[in-house]
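Each remark here refers to the structure printed beneath this line.
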Amino acid sequence: MTETVQNKKTAEVLQSVYKNVKMASDSILNLMPKVKDEKLKSDLTVQLSAFEAFASRTAKLLADEGVKPEEEGFMTKTMAKWGSMMNTMRDSTSTHLAEMMVEGATMGVNDMLRVLREAENSNASESALRLARDVCAFEEKVVEDMRAYLR
């Protein structure tokens, strides 16, 4: 594969990672005002910090590829925010907020697994693939951590 094709595959993987972690960050920020449980708030703050660190790492790798990071579009972000708002309007208990986080992180894991599977036989850089694997593993940990709040 030519270097240009490798750069394109690497950029595709990194863009997917970036959108994933920014969506996770936005989701946590949307939920935070509804969180009353201090332990849950602390856990979400730690997760937010980790997702922002992933976003920063991803943005740097994209810059190294000469590519500007892309977030989800306005409509996607707005729909997610409205969905979160409507969902928490009915039920803002810690259990429900944790369920929402489990659902979101599970979608994130599935997205990262799809990206990794598609990139398996490509020449995407090892650093991009490692980052995608790290994000996937972290989101699996988020699912596990949030299950503690499910009753």
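Numbers for the structure displayed
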quantity	calculated
The chain - percent relative contact order, Cα under 8 Å, separation 6 or more	38
Partner aspartates and glutamates for residue 39 [C-alpha distance under 13 Å; skip if fewer than 8 residues away on the same chain]	145
Among 55, 63, 124, residue whose mean-square fluctuation peaks in a GNM of the chain (springs only between Cα atoms under 10 Å)	63
Helix axis angle, 3-31 relative to the chain longest principal axis, alpha carbon, degrees	10
Karplus (6.51, -1.76, 1.60) ³J(HN,Hα), θ = phi - 60°, over the range 107-112, in Hz, Gly and Pro reported as x	4, x, 4, 4, 4, 5
Charge dipole of the chain about the Cα centre (unit charges at C-beta), most positive-ward option of 132, 7, 146	146
Cross-link partners of residue 68 among lysines (Cα-Cα below 26 Å; sequence separation of 8 or more within a chain)	8, 9, 19, 22, 60, 77, 81
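Each reported figure results from applying straightforward, stated rules to the coordinates on display, with no laboratory input. Because the structure is predicted, anything quoted here is derived from the model rather than measured. Note that we place each Cβ from the backbone using ideal geometry, even for glycine, and neighbour counts take in every protein chain shown.
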